[in-house]
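> My questions all concern the structure below.
The values are calculated or read from the model by the stated rules, or taken from the named source; none is laboratory data. Owing to the predicted nature of the structure, the values given are computational and were not obtained by experimental measurement. Counting neighbours? That spans all protein chains shown, and the Cβs are built from the backbone with ideal geometry, glycine included. Keep in mind that these areas ignore ligands, DNA and RNA; they rest on the heavy atoms of the full protein, side chains included. Shrake-Rupley method; radii C 1.70, N 1.55, O 1.52, S 1.80 Å.
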Amino acid sequence: MNKIIVGFIFVAMLGWVASIILSAVHFWAIPLIPAGANLPGPMLVITSKWAYVGPVPLAVIGAVYYIVMITLGALWLSTKNRKVEQILLPVTAIGFLASVVFVYLQLWVIEAICPFCMMSAGATTILLGIEIFVKAKGGAFSTPALSAQKVWATVFTTTAILTLFAIWSLSILPLPGKGA
């Protein structure tokens, strides 16, 4: 069961990377795009009116969601606390339902696909699948908790490295306005 929870944390980290890349695009690339520019598919999605809740990019909300999932996953692995497991399932189910709506908007309303948005939707789907699997097996309590020091040190270090990777990736992505 511990390996499955480690997988949960890893998938949440992949969602984190996608959300950080998208958030960085919102903060650093979109302001460089000239008004009225004809944008390709992914940028059409990222700049659409559906990519924001008020002035806040959905990617930022996604980043908060994934850092919460990473944190709860690490807490789950290091404590095996039943309350953590009870909190995770409804939160992830809400994230999954939101992803279904966002995929619908991409496919049938905006008619363009954002690969990082789809990566996030896939991550949320896998997170929910893992939680349903663990619940169906009776919970994560069948295996002992792992050392909190090892779990938190590994999660912190890995998340920091992946964050740096996400920010670095902006230098190689074909973003509009780059080099302008």
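> Being free of Cβ contacts under 8 Å to residues at least 60 places away in the same chain, open to solvent by 90 Å² or more (accessible area, probe 1.4 Å) and over 13 Å from Leu77 (Cβ atoms) is the filter here; which residues of region 132-152 pass it?
Looking only at region 132-152, we keep the residues that are free of Cβ contacts under 8 Å to residues at least 60 places away in the same chain, and these are 132, 135-136, 138-139, 149-150.
Filter once more, keeping what is open to solvent by 90 Å² or more (accessible area, probe 1.4 Å): 132, 135, 149-150.
Those that are free of Cβ contacts under 8 Å to residues at least 60 places away in the same chain, open to solvent by 90 Å² or more (accessible area, probe 1.4 Å) and over 13 Å from Leu77 (Cβ atoms): Ile132, Lys135.
> Which of the residues belonging to region 36-62 are open to solvent by less than 70 Å² (accessible area, probe 1.4 Å) and among the hydrophobic types (A, V, I, L, M, F, W, C)?
Ala37, Leu39, Met43, Val45, Ile46, Ala51, Val56, Leu58, Ala59, Val60
> Out of the residues in region 154-163 that are without any contact (Cβ under 8 Å) to a residue 12 or more places away in the chain and surrounded by 12 or more Cβ atoms within 10 Å (Cβ to Cβ), state the one that is farthest from Thr71 (Cα to Cα). First the steps, then the outcome.
Here is the first cut: in region 154-163, the residues without any contact (Cβ under 8 Å) to a residue 12 or more places away in the chain are 154, 156-157, 160-161.
From what's left, surrounded by 12 or more Cβ atoms within 10 Å (Cβ to Cβ): 154, 156.
On the way: Thr154: 12, Phe156: 9 Å.
Residue satisfying both the conditions and the ranking: Thr154.
> Return the residues of region 113-131 that are free of Cβ contacts under 8 Å to residues at least 60 places away in the same chain and among the hydrophobic types (A, V, I, L, M, F, W, C); say none if nothing qualifies. It would help to see each step written out before you state the result.
Taking region 113-131 first, the residues free of Cβ contacts under 8 Å to residues at least 60 places away in the same chain are 118, 121-122, 125, 128-129.
Of everything in region 113-131, those that are free of Cβ contacts under 8 Å to residues at least 60 places away in the same chain and among the hydrophobic types (A, V, I, L, M, F, W, C) turn out to be Met118, Ala121, Leu128.
> Then there is this: From Tyr65, Tyr52, which residue is under 30 Å from Pro176 (Cβ atoms), touching a Leu at 6+ places or on another chain (Cβ under 7 Å) and modelled with pLDDT of 95 or more? Outline the logic, then answer.
Details: Tyr65 fails: touching a Leu at 6+ places or on another chain (Cβ under 7 Å).
Tyr52 is the lone residue from the list that is under 30 Å from Pro176 (Cβ atoms), touching a Leu at 6+ places or on another chain (Cβ under 7 Å) and modelled with pLDDT of 95 or more.
> Select from region 13-35 the residues that are hydroxyl-bearing (Ser, Thr, Tyr) and buried (at least 23 other Cβ atoms within 10 Å of the Cβ) and list them in ascending order. I'd like the intermediate steps shown before the answer.
To start, the set of residues in region 13-35 that are hydroxyl-bearing (Ser, Thr, Tyr) comprises 19, 23.
Passing the criteria: only Ser19.
> Assuming Ala166 fulfils every condition listed in (1) part of a helix (DSSP H, G or I); (2) open to solvent by 60 Å² or more (accessible area, probe 1.4 Å); (3) touching a helix residue (DSSP H, G or I) at 6+ places or on another chain (Cβ under 6 Å) apart from one, which condition is it?
Here Ala166 clears every test but (2).
> Within region 68-91, count every residue that is under 15 Å from the mean Cα position of the chain (by Cα) and surrounded by 21 or more Cβ atoms within 10 Å (Cβ to Cβ).
Let us first name the residues in region 68-91 that are under 15 Å from the mean Cα position of the chain (by Cα), namely 68-73, 88, 91.
If we keep only those that are surrounded by 21 or more Cβ atoms within 10 Å (Cβ to Cβ) as well, we get 69-70, 73, 88.
Residues meeting the conditions: 4.
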